[in-house]
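Take a look at the structure below.
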Amino acid sequence: MYIVPEAAIADILTRDAAFDAVENVFAAMSAGDAYNFPVIREAIGHEDALYGFKGGFDGKGMSLGLKAGGYWPHNLAERGLINHQSTVFLFDPDTGKVAAMVGGNLLTALRTAAASSVSIKHLARKDSKVMGMIGAGHQAKFQLRAALETHQFEKVIGWNRNANALSTLADVAAEFDLPFEAVSLEGMVEADVVISITSVFSPIFGAAHISDGTHVACMGTDTIGKQEADTDLVTKATVFTDEVAQSVTLGEAQHAVGAGLKSREDIHELGAVINGTHKGRTSDTEITLFDGTGVGLQDLAVSASIVEIAKAKGIGLEVDF
Ligand code: NAD
């Protein structure tokens, strides 16, 4: 069994490796070569923790396994540890023998950012100039960096409930020599691409904040009851997702579908666009919306890539298990 500890991930995982792994696995899911197992998520009644498993099997990329972990809300304040904790386990699909254990914390941020950037590559207008960010929490800087590495933008604008936190996004924009401007939510109409990554349970933006032709990646809604975008925007947009079953139950589309404003058949797989079986964006005025719910196969694909690079670089530890 190969072990890649959390501390080694930053030196191993490149943006290209994460992007390619996620793009390939979305394509494999849409082609029917890969599928996610039902998600388990439990409040364990200890330390207010939420713990669970996300797993799957990719018969094309040949990755089998699961990410185990969750959210321990008191970690940071009481122990100086980050609140989200996870570990990925990979198994040999031919034998069932455990093949690798990979730190899953940074990986989660990078695979989530890779998902929105894959959506930008395939759904945003090629002439997009202004990148808009809604939210400036832990995930946001990874999201912005991946977006700026994917497409040549000319300017970044951002909104956050607490405007002070926007300095982290301004720093990322500066890494790319791009100007950054803090805006009101109404100011988001300037953006050609918008990423929302907040943990809200009531919509904070809608159709009035998004111009025609914009690509919106809604990345914060990954649980029943959460909602970032008003149903008026989801209804108006052409909606794509990583996995339709998650999108309509725990993703951003859950509310529009639940209210009968969109049907399950109106939600399309991003993988189909990657595979060329869905045409994707059809005009410069269409609003496209990617409902990024986060699937276990993303974790497995990126972990498999990490193990491959770690072995080649001699990083990590081989254990006879
Ligand atoms: P965080 O706690 O670091 O940041 C939360 C963000 O939400 C901040 O910008 C905060 O200002 C904003 N926010 C919270 N309450 C708000 C309110 N009432 N009004 C306006 N803004 C509010 O969290 P994070 O780690 O950055 O994660 C953000 C979200 O992304 C979470 O919902 C998390 O579950 C989700 N997430 C999704 C995936 C995926 O694959 N789709 C992966 C990881 C995390």
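Couple of notes before you dig in:
- The chain, accessible area per residue, ligands and nucleic acids excluded (1.4 Å, Å²): 43
- Relative packing of peptides 292-301, 251-260, 198-207 - highest average C-beta neighbours within 10 Å first: 292-301, 251-260, 198-207
- Cα-based Rg of segment 137-206 normalised by 2.2 N^0.38 Å, two decimals: 1.04
- Backbone HN-Hα couplings from phi across segment 78-94 [Karplus 6.51/-1.76/1.60, Hz, Gly and Pro as x]: 9, 10, x, 9, 6, 6, 7, 10, 8, 9, 9, 10, 10, 10, 6, x, 7
- Positive dipole terminus of segment 123-294, leading residue within 187, 164, 174 (C-beta point charges): 164
- Less than 5 angstrom separates the built amide H of residue 66 from those of 89, all sequence-distant by 5 or more or on a different chain.
- Beta bridges per DSSP with both ends in the chain, % antiparallel, nearest 5: 50
- Karplus-derived 3J(HN,Hα) values for segment 154-171, using 6.51 cos²θ - 1.76 cosθ + 1.60 with θ = phi - 60°, are 10, 7, 10, 10, x, 10, 9, 3, 9, 4, 4, 5, 5, 4, 5, 6, 4, 5 Hz; glycine and proline are entered as x.
- Rounded tilt (10° steps) of 140-150 against the dominant C-alpha axis of the chain: 80
- In units of the compact-protein estimate 2.2 N^0.38 Å, segment 123-294 shows a Cα radius of gyration of 0.96.
- Distance from segment 146-221 to segment 278-311 (C-alpha centre basis), Å: 19
- Dipole magnitude for the chain: about 100 debye, using +1 per Lys or Arg Cβ and -1 per Asp or Glu Cβ, origin at the Cα centre.
- A Förster radius of 22 Å combined with the Cβ-Cβ distance from residue 43 to residue 6 puts the calculated FRET efficiency at roughly 0.35.
- Entries of 226/279; 54/97; 236/279; 67/97; 155/236 with Cα pairs more than 22 Å apart: 226/279; 155/236
- Placing pseudo-labels 7 Å out from each Cα toward the beta carbon at residue 189 and residue 264 gives an inter-label distance of 3.8 nm.
- Accessible-area composition of segment 123-294, carbon plus sulfur, in percent [1.4 Å probe]: 50
- What you get for segment 195-321, charging only the Cβ of Lys and Arg (+1) and of Asp and Glu (-1), is a dipole of about 100 debye around the Cα centre.
- 5 angstrom amide H check on residue 34, placed H, neighbours 5+ away: 29, 59
- Amide H to amide H distances under 5 Å link residue 157 with 131, 132, 133, 181, where only residues 5 or more positions off or on other chains count and H is placed in the peptide plane.
- Across the chain, counting alpha-carbon atoms alone, Rg and Dmax equal 18.9, 58 Å.
- Contour excess over end-to-end distance, with Cα ends at residue 129 and residue 76 and 0.36 nm allotted per residue: 15.3 nm
The values are calculated or read from the model by the stated rules, or taken from the named source; none is laboratory data. Computed from a predicted structure; not experimentally measured. As a convention, Cβ positions derive from the backbone with ideal geometry for all residues, glycine included, and neighbour counts pool all protein chains shown. The protein model used for the area step is the full one, side chains on, heavy atoms only, and it has no ligands, DNA or RNA in it. Shrake-Rupley method; radii C 1.70, N 1.55, O 1.52, S 1.80 Å.
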